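For reference, the structure I am asking about is given below.
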Amino acid sequence: MRVGLLGAGNISRQYLAALPRLSNLRLVAVADALASNADAVAQAQGIPARSVDELFASDDVDVVLNLTTPQAHAPLTIAALQAGKHVYLEKPFATSIEEADAMVAAATTAGLRVGSAPDTVLGTGTQTARALIDRGDIGQPVAATAFMLGAGHESWHPNPAFYYATGGGPLLDMGPYYVTSLVTLLGPVESVTAMSASPREVRVAPQGAPRAGETFPVEVETTVSTLLRHVGGAVSTLVVSFDVVASTLPRIEVYGTEGTVAVPDPNTFGGEVALGRQRTFEPVENLAGYRDSGRGYGLSDLARAHAAGEPHRQSLELGYHVNEVLERVLESAAAGAVVPVRSRCERPQPVPLGDDPAAV
Ligand SMILES: NC(=O)c1ccc[n+]([C@@H]2O[C@H](COP(=O)([O-])OP(=O)(O)OC[C@H]3O[C@@H](n4cnc5c(N)ncnc54)[C@H](O)[C@@H]3O)[C@@H](O)[C@H]2O)c1
C-alpha cells in the first residue's frame, strides 16, 4: 500500500524508522497542520509535503497513516474515509463513543479498512504470553493484573498539553496498550467498574523537561483504578496513573489455575515473558509474534490482509471495543456503578513467530 503520513510529530519518527523494513508499504507523501513538521519529514524522506486536503485528494495514496493528536483522530479519519482512503490511526481510537460510532459508520459506508494502534501486541512479548495461555500452560485463566504507574509525560514530551486535555489522561493515553493486551490475552470485556482521582488542577513541566516551568490545565482523571470482567469469565485489575513517582509493581501478570504468566510492558514489542509455577519464574523463549518489530507492523498486517481478502488483526472492531471499554471505565468512575460494555470483538488471529508481517 502507498502510505500518506498525516501528522509528522513525535511518534512519526518511530513509524519512519520501521517503514523501510516493511516490504508491502511505501511512503509517498506527508501532511501536517504545522508546515515545518511536514517539510522536515518531506526533506528527510525525499517525498512531497502536501496540505491535508491535498493528501486526501492524492491519487497516489492508498492509506492515510493518521498520527495526529487524539482530538483530531476521528474528524481526520472520517474525512480520509470519505475521500476514499483506508486509514490506520494512532491510539486512542476516539475520544468518545459518539466519535467512534461516527468512524464505524464512515468506514462501513466507504467499504474501506480502518486499523488502529497499538500494534505492540503483535510483537513477541504479548504474542508469546498468548501462546502460553492458548496451549494451556497456566491452566484455566482466572485473573490478571495490569499497572501503568508513572509521573506523567510532561517530564519528556515536547508538547504535553494534550495529555491533560479532554480525550487525554492516563486511561485514554496508556489504557489502549493495556486493554488491547488484556483483550488479546483473555478476550473481550463485558462489564467494568472503576474509581478515579485527580489531585492537581494544573500540571507543571519539571526542571529539565522540554517545556520546563510551563503549566497545563488538567481536564481529566489522572489516576484510575478499575476491574474488567471478560466475557470468558476472567477478571482483570487495571490501574493507570500519571500521579505515581515510583513503583515496583509488574506491568501485566495473568493468573491461571496452574500457573502465572508475566507479560512484558505492552508499550513495547518484545521483552521477556516468564512462566511462574510454585513461586519461581522461568524465562520463556519467543514462541510467537513479529521479532524486532516496531510501530507500523499493524499497518503492514492490514496491507497483507487487504491483499489476501482477510481480516486484519488491529481491526476496527478491536479498536472500537477497546475504546468503548475505556469510555465505560470513565463512565463507571463518574457514576460509581458497574457499567456493561455493549460491543464485542474477536480475539485477533495469533501471530506465528516471524519477521515480516507481509508474509504472515
Ligand atoms: N509520543 C509518543 O511516544 C507516542 C507513543 C505512541 C502513540 N502516540 C500517539 O500518537 C499520536 C501523536 O502523538 P505525538 O506524540 O506524535 O504528538 P505530537 O504533538 O508530537 O505530533 C502530532 C502532530 O500532528 C499534527 N496535527 C495535530 N492536529 C492536526 C490536524 N488537525 N491536521 C493536521 N495535523 C495535525 C501536529 O501539528 C503534530 O505535528 C497521539 O495520538 C499519541 O497518543 C504517541
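The values are calculated or read from the model by the stated rules, or taken from the named source; none is laboratory data. Because the structure is a prediction, the values reported are computed rather than measured. Counting neighbours? That spans all protein chains shown, and the Cβs are built from the backbone with ideal geometry, glycine included.
List the strands (runs of 3 or more DSSP E) inside the range 157-263, counting only whole elements, that have at least 1 residues being farther than 29 Å from residue 274 by Cβ.
Correct list: 189-197, 202-204, 215-217.
Report whether or not residue 316 is at pLDDT 95 or above, under 17 Å from residue 125 (Cβ atoms) and not basic (Lys, Arg).
When the stated conditions are applied, residue 316 does not pass them.
Then there is this: For the range 1-26, name all the residues that are outside any helix (DSSP H, G or I), more than 22 Å from residue 156 (Cα to Cα) and within 16 Å of the ligand (Cβ to nearest atom).
Those that are outside any helix (DSSP H, G or I), more than 22 Å from residue 156 (Cα to Cα) and within 16 Å of the ligand (Cβ to nearest atom): 3, 4, 5, 6.
Given the criteria in the same structural domain as residue 130 (by TED's automatic domain parsing), crowded, with 18+ Cβ neighbours inside 10 Å and touching a strand residue (DSSP E or B) at 6+ places or on another chain (Cβ under 6 Å), does residue 244 qualify?
So residue 244 fits the description; yes.
Results for (1) within 11 Å of the ligand (Cβ to nearest atom); (2) among the aliphatic types (A, V, I, L, M), shown as yes or no for each residue.
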site	(1), (2)
55	yes, yes
66	yes, no
73	yes, no
98	no, no
101	no, no
105	no, yes
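Quick one: which residue in 83, 49, 74, 42 is aliphatic (A, V, I, L, M) and surrounded by fewer than 20 Cβ atoms within 10 Å (Cβ to Cβ)?
83
Let me ask something additional. Kindly establish whether residue 293 is touching a residue at least 12 places away in the same chain (Cβ under 8 Å), in a helix (DSSP H, G or I) and touching a helix residue (DSSP H, G or I) at 6+ places or on another chain (Cβ under 9 Å).
No.
Hey, residue 179 hits all of (1) in contact with a Lys or Arg (Cβ under 9 Å, 6 or more places away or on another chain); (2) under 30 Å from residue 136 (Cα atoms); (3) buried (at least 24 other Cβ atoms within 10 Å of the Cβ) but one; which does it fall short on?
Condition (1) is where residue 179 drops out.
Among the residues of the range 126-154, write down those that are within 16 Å of the ligand (Cβ to nearest atom) and charged (D, E, K, R).
154
Step by step: first the residues of the range 155-173, then only those that are of a type in the set (A, V, I, L, M, F, W, C) and surrounded by 24 or more Cβ atoms within 10 Å (Cβ to Cβ), then the one that is farthest from the ligand (Cβ to nearest atom). Which residue is that?
Per the criteria, the residue is 171.
Considering the range 81-91 alone, what residues qualify as being within 11 Å of the ligand (Cβ to nearest atom) and either free of Cβ contacts under 8 Å to residues at least 12 places away in the same chain or of a type in the set (A, V, I, L, M, F, W, C) (or both)?
If the condition is that a residue be within 11 Å of the ligand (Cβ to nearest atom) and either free of Cβ contacts under 8 Å to residues at least 12 places away in the same chain or of a type in the set (A, V, I, L, M, F, W, C) (or both), then 89 is the only one that fits.
Another question, then. When you scan the range 27-40, do you find a residue that is more than 9 Å from the ligand (Cβ to nearest atom) and within 17 Å of the chain's Cα centre (by Cα), even just one?
The answer is no, given that none of the residues of the range 27-40 is more than 9 Å from the ligand (Cβ to nearest atom) and within 17 Å of the chain's Cα centre (by Cα).
Which numbered condition in (1) buried (at least 22 other Cβ atoms within 10 Å of the Cβ); (2) within 11 Å of the ligand (Cβ to nearest atom) is the only one that residue 61 fails?
(2)
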